[in-house]
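Single-structure report; data block below.
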Amino acid sequence: MARSSTKKSARRSLLALVVVILALGGLAVGLTKWGGGSMTPRLGLDLEGGTELVLQPQLTGTETISEGQVNRAVDIIRQRIDANGVSEAEITTQGGKSIVVSIPGQPTAEQLDALKKPSQLRFRAVYVQALDSNATQVKPGGTPSGTATPTGTPSGTATGAATGTPKASGTVTPSASPTAQNGVVPDALRAATTPATPAPSATATAPATPAPAATQTAPAPTPAETEAAVKTQASTGLVGLGWDKAKADAAAAKVAKAYTALNCSTPGAVDKVQDDPTQPIATCGEDRTTKYVLGPSEIDGSEIADATSGYQPGPNGQPTSIVEVALSFKDAGKAKFAAVTKRLYGLQSQPPLDQFAVVLDKAVITAPQARAVITDGRASITGSFTIDSAKQLAEQLKFGALPISFALQTQDNITPQLGEEQLRIGLLAGFIGLLLVVVYSLFQYRALGLVTVASLVVASVITYLAVTILGTTHGFRLTMAGVTGLIVAIGVTADSFIVYFERIRDEVRDGRPLVAAVETGWKRARRTIIAADGVNFIAAVVLYLLASSNVRGFAFTLGLTTLIDLLVVMLFTHPTVQLLARTEFFGNGHKWSGLDPQRLGAKESVRYRGRGQFGAPGAQRPPATVGSARIAEGKAQA
């Protein structure tokens, strides 16, 4: 019964592996036919060559650009390249000003446009803020939402008038969650999110429609109801800016339609947003789970003088535990920011109308609430920040603030840095290594070494399909460093087989029958294999996170092949050996099987088989032979 169960388990494992390979093969074929992919891996700059672009910043008059601004521009360009599905690109600076971008293959017109467009930072009023109904949950570290208060020496400026409790400037009211910040909104918007907590109304009157009771579940609004509600909210905001009612209604109708059609969970959704600074827009937060309707741009990022991050100072000048982003504006920006905060501060009872969004490249990076009228151009943005996230926001405000546009100075095709000859030499080295592993396996393990060969073939097929699919879906490109990782993986995979086979042979030497030796050896070898592959995978992850350029390609392929090694050992090598142990050739310990008890020096103790049967150590007859012997013995006794 146990033997039958073991055989069924082995066959199920092999069937699961076949399903995995067929699924990967089908996906690769499907991506090739309908997804613009290829059945061959994509190659990197060093193996295929590509295009080199030199981007020159466009400066006016006596305007200059600092090294920090250039480095920030490099980061933005790298993010744009990654967003366009291009990997293994190399980005460097030239002369402290120009940026050199090397991209594998030929860039598309969209990719070129993404590289050259300015990094626009705008401040817009928030009209609508709600969770996207297409999103299942808010991702950690999403778009920060906090409060904006004056910075500097506390002067008793009331920032909490909505609750009737004066608070000195520099103190903070904890920000609500994105759903709670919706505050008083039309029913159609509220029904699409978590019911909102009514905002305080000490200084303003909330709309007549009350928030639904916590025990009631509002029906999901139809797209038409949502569009109508957004139109009303946006029109109200535009009229508050002084727009003519008819003009406001027309613009609101257009943005409400765009809001309803917007799906933030779709990759590239923000790229399709029309960013007209004079018009309201519907866009998403960086978390890709929150949708916004924003008013026209009221302050340009070029008006920011500086932005820093750190712990907010307390009344005594000592740092507190509150993380803040301190923001200061130039002279022209001070008056604009004062007007914005004065208007928003008067709308505290009607969130999200008291919020302003900081929009970088059409995505909302933060949307704080105005908690005071800030007239000196120095604001403190606080919320659920960590030191790292505050630093990142400060850099986005400081360096993303400059609308630096780039002109394409030169565009040249570059030849492979290594060329086909080096690739052939690398592949030849891998083939020689593979051949040596095969020769050693056959010499050391005889026929059992064929399992090693078959396992390496299966691992190679899965690796090839995985690399090909990742090239289409994630833009992964195979560099020479990546090829090196694949070659190293041959040794990692072979090492797993050696550990397993040696455990089996140790059990045979101890006098166990082969079937029992396979199971006992696997239990002991499995722990060793998982531990060794776990260490390799952790090393690959650390190297990938800390390294740069092509070294990451080596780390990625090493980590990928380590996971594939575990898959092959679990679903192919072990089940195959389980089935082979029940054959006459391996089960009886043929001298060419690699499991011959005499050749392995098995102990000469006699082992009890059951039912009065004894046998030599390590020897195991096929089930049919053993059964026939027992029947014959029974007849003789009768």
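Results, tabulated for the structure shown:
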{"item": "Candidate set: the stretch 33-72, residues that are part of a loop (DSSP other than H, G, I, E, B) and β-branched (Val, Ile, Thr); chosen: the one most open to solvent (accessible area, probe 1.4 Å)", "result": "62"}
{"item": "Test: residue in the stretch 481-504 that is buried (at least 19 other Cβ atoms within 10 Å of the Cβ), in contact with a Gly (Cβ under 8 Å, 6 or more places away or on another chain), modelled with pLDDT under 90 and charged (D, E, K, R)", "result": "no"}
{"item": "Identity of the residue in the stretch 356-375, buried (at least 24 other Cβ atoms within 10 Å of the Cβ) and more than 18 Å from residue 287 (Cα to Cα), that ends up farthest from the chain's Cα centre (by Cα)", "result": "374"}
{"item": "Hits in the stretch 230-248 - residues which are in contact (Cβ under 8 Å) with a residue 40 or more places away in the chain, over 14 Å from residue 278 (Cβ atoms) and aliphatic (A, V, I, L, M)", "result": "230, 234"}
{"item": "Residue 393 being touching a strand residue (DSSP E or B) at 6+ places or on another chain (Cβ under 6 Å) and either part of a helix (DSSP H, G or I) or aliphatic (A, V, I, L, M) (or both)", "result": "yes"}
{"item": "Residue list for the stretch 445-469, filter: under 23 Å from residue 427 (Cβ atoms) and free of Cβ contacts under 8 Å to residues at least 24 places away in the same chain", "result": "453, 457, 460"}
{"item": "Strands (runs of 3 or more DSSP E) fully within the stretch 279-322 counting 3 or more residues that are in contact with a Phe, Trp or Tyr (Cβ under 9 Å, 6 or more places away or on another chain) and either open to solvent by 10 Å² or more (accessible area, probe 1.4 Å) or at pLDDT below 90 (or both)", "result": "290-300, 304-313"}
{"item": "Among residues of the stretch 561-585, those that are out of contact with any helix residue (DSSP H, G or I) (no Cβ under 6 Å at 6 or more places or on another chain) and either crowded, with 22+ Cβ neighbours inside 10 Å or on the phi > 0 side of the Ramachandran plot (or both), counted", "result": "0"}
{"item": "Residues within the stretch 508-539 that are touching a Pro at 6+ places or on another chain (Cβ under 9 Å) and open to solvent by less than 20 Å² (accessible area, probe 1.4 Å), tallied", "result": "3"}
{"item": "Test result for residue 28, open to solvent by less than 30 Å² (accessible area, probe 1.4 Å), modelled with pLDDT of 85 or more, within 30 Å of residue 422 (Cβ to Cβ) and part of a helix (DSSP H, G or I)", "result": "yes"}
{"item": "Condition check for residue 338: at pLDDT 90 or above and buried (at least 23 other Cβ atoms within 10 Å of the Cβ)", "result": "no"}
{"item": "Residues (part of a loop (DSSP other than H, G, I, E, B) and either free of Cβ contacts under 8 Å to residues at least 60 places away in the same chain or not β-branched (Val, Ile, Thr) (or both)) located in the stretch 470-507", "result": "474, 475, 476, 477"}
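To keep it simple, each residue is scored yes or no on (1) at pLDDT 75 or above; (2) within 22 Å of residue 303 (Cα to Cα).
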residue	(1), (2)
67	yes, yes
96	yes, no
101	yes, no
112	no, no
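The values are calculated or read from the model by the stated rules, or taken from the named source; none is laboratory data. Because the structure is a prediction, the values reported are computed rather than measured. Positions of Cβ are backbone-derived with ideal geometry, glycine not excepted, and every protein chain shown enters the neighbour counts. Only protein heavy atoms, including side chains, enter the accessible area calculation; ligands, DNA and RNA are left aside. Shrake-Rupley method; radii C 1.70, N 1.55, O 1.52, S 1.80 Å.
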